[in-house]
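One structure is given below, encoded as structure tokens.
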Amino acid sequence: MFKEYLVLSARDQDRHVECQDYVIHRHAPAVMSHRAFRGLFQRYVAHRPFSIGADASELLLHGSRPDIPLIVEHVCDDASTFRKALQDEDHKAAIRPDEEYIAREFLSAPPMVMEVTESVIFSGPYVGRYHVLDFLKRAPGTSPDDFASWLDEEGRILAATPAFRSVASRRVHNLVHQDQAVYAEDGGTGASTGREWDGVTETWTNSLDGLARLHSEVRARHAGRVDATASFSVITTEHVLIGDRS
């Protein structure tokens, strides 16, 4: 399975909704309906950051990134299929002007791309209203292998913690690939590879307050493994364009 995140950074926070609506209702449908991409995606999800206000920062595990208007998730069978579609000349001619318009009109920098390896820790019969993404940077002195082992262990702990399972309906851990990302290499938009982060955790919940009550325990386990000052959290709501989850 091939999975990536595209993290967008906006120059004007007052235009976040406009940027979201353009990508979700105009750009994404054009991509999905193009011959090169038709039937390619297993999952295509736009994650809209949910505004919690400065006085509710305790709902975040790490610091906020108010400059992010949208996080796009692509999943398909494999990287080679995705690369072939990106390199399709007709696709480039049809879609690239639209991507250039998005960059010119809304973004403060090219999209940041993270290719990841996904591990589903647990998944209940429903998803949850909120989708919380924590972008984690490993602490200085922690090797990539040590970080990966720690993230696996953190998944086992959370899966076996009744208090966490009572507020989280689904949990996914993603290890970020540190080599060149396919979209950054072949997307044609100058996108950068998100090497600044090493893991992305995803938590679905209906209770942000309930999740926040567990933050101190989670932070204690993160100590020495995660660079809290370089990590950030985003609370989003999902707009599922193509989904393989119920």
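The values are calculated or read from the model by the stated rules, or taken from the named source; none is laboratory data. Remember, predicted model here, so these are calculated numbers, not experimental data. Neighbour counts run over all protein chains shown; Cβ positions are idealised from the backbone, glycine included. Protein only, heavy atoms only, side chains kept; ligands, DNA and RNA dropped before computing areas. Shrake-Rupley method; radii C 1.70, N 1.55, O 1.52, S 1.80 Å.
Can you pull out the residues in segment 134-143 that are surrounded by 13 or more Cβ atoms within 10 Å (Cβ to Cβ) and not hydroxyl-bearing (Ser, Thr, Tyr)? Quick ask: steps written out before the conclusion?
Let us first name the residues in segment 134-143 that are surrounded by 13 or more Cβ atoms within 10 Å (Cβ to Cβ), namely 134-139, 142.
Matches in segment 134-143: Asp134, Phe135, Leu136, Lys137, Arg138, Ala139.
Does Trp204 satisfy the criteria of being touching a Ser or Thr at 6+ places or on another chain (Cβ under 7 Å) and either farther than 30 Å from Arg96 by Cβ or outside any helix (DSSP H, G or I) (or both)?
Criteria met by Trp204.
Any idea which of Val176, Val172, Val167 is touching a Ser or Thr at 6+ places or on another chain (Cβ under 6 Å), closer than 26 Å to Pro66 by Cα and either open to solvent by 10 Å² or more (accessible area, probe 1.4 Å) or aliphatic (A, V, I, L, M) (or both)? Even if it seems obvious, please write down each step before you answer.
Numbers: Val176 fails: touching a Ser or Thr at 6+ places or on another chain (Cβ under 6 Å); Val172 fails: touching a Ser or Thr at 6+ places or on another chain (Cβ under 6 Å).
Checking each option against the conditions leaves just Val167.
Could you pull out the residue among Ala103, Ala56 that is over 17 Å from the mean Cα position of the chain (by Cα), of a type in the set (A, V, I, L, M) and more than 30 Å from Ala139 (Cβ to Cβ)?
On the way: Ala56 fails: more than 30 Å from Ala139 (Cβ to Cβ).
Only one candidate passes the filter, namely Ala103.
I'm checking my understanding of the structure. Among residues of segment 148-173 that are among the aliphatic types (A, V, I, L, M) and either touching a helix residue (DSSP H, G or I) at 6+ places or on another chain (Cβ under 6 Å) or modelled with pLDDT under 95 (or both), which one is nearest to Lys3 (Cα to Cα)? Walk me through it before giving the result.
Here is the first cut: in segment 148-173, the residues among the aliphatic types (A, V, I, L, M) are 148, 151, 157-160, 163, 167-168, 172.
Next, only the ones that are either touching a helix residue (DSSP H, G or I) at 6+ places or on another chain (Cβ under 6 Å) or modelled with pLDDT under 95 (or both) stay: 158, 167.
Numbers: Leu158: 23, Val167: 26 Å.
Result: Leu158.
Scan segment 3-57 residue by residue and report those that are at positive phi and in a helix (DSSP H, G or I). Steps first, answer last, please.
Here is the first cut: in segment 3-57, the residues at positive phi are 39, 53.
Across segment 3-57, there are no qualifying residues.
Return yes when Ala228 is in a loop (DSSP other than H, G, I, E, B) and either at positive phi or not basic (Lys, Arg) (or both) and no when it is not. If you could, list the steps in order and put the result at the bottom.
On the way: in a loop (DSSP other than H, G, I, E, B): yes; either at positive phi or not basic (Lys, Arg) (or both): yes.
Taking the combined requirement at face value, the residue satisfies it.
Residues are listed down the side, and each one gets a yes or a no for (1) open to solvent by less than 30 Å² (accessible area, probe 1.4 Å); (2) part of a strand (DSSP E or B); (3) in contact (Cβ under 8 Å) with a residue 40 or more places away in the chain:
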{"site": "Leu151", "(1), (2), (3)": "yes, no, yes"}
{"site": "Arg156", "(1), (2), (3)": "no, no, no"}
{"site": "Ala184", "(1), (2), (3)": "yes, no, yes"}
{"site": "Glu196", "(1), (2), (3)": "no, no, yes"}
{"site": "Val200", "(1), (2), (3)": "yes, yes, yes"}
{"site": "Gly210", "(1), (2), (3)": "yes, no, yes"}
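Among the residues of segment 44-53, what is the count of those that are in contact (Cβ under 8 Å) with a residue 24 or more places away in the chain, within 17 Å of the chain's Cα centre (by Cα) and either closer than 10 Å to Ile235 by Cα or surrounded by fewer than 17 Cβ atoms within 10 Å (Cβ to Cβ) (or both)?
Our first condition is that a residue be in contact (Cβ under 8 Å) with a residue 24 or more places away in the chain; within segment 44-53, this holds for 44-50, 52.
Okay, now just the ones that are also within 17 Å of the chain's Cα centre (by Cα), so 44-50.
Subset that is either closer than 10 Å to Ile235 by Cα or surrounded by fewer than 17 Cβ atoms within 10 Å (Cβ to Cβ) (or both): 47-50.
Looking only at that region, the number is 4.
Scan segment 108-123 for residues that are over 17 Å from the mean Cα position of the chain (by Cα) and open to solvent by less than 30 Å² (accessible area, probe 1.4 Å) and report the count.
Adding up the residues that qualify gives 1.
Note down all Cβ pairs under 7 Å where the first residue falls in segment 90-104 and is open to solvent by 50 Å² or more (accessible area, probe 1.4 Å), the second is aliphatic (A, V, I, L, M), and they're at least six residues apart or on different chains.
Pairs that qualify, where the first residue is open to solvent by 50 Å² or more (accessible area, probe 1.4 Å) and the partner is aliphatic (A, V, I, L, M), are Asp90/Ala36.
This table checks each residue for (1) closer than 30 Å to Arg221 by Cα; (2) touching a Lys or Arg at 6+ places or on another chain (Cβ under 6 Å); (3) small (Gly, Ala, Ser).
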residue	(1), (2), (3)
Ser80	no, no, yes
His91	no, no, no
Ala103	no, no, yes
Thr117	yes, no, no
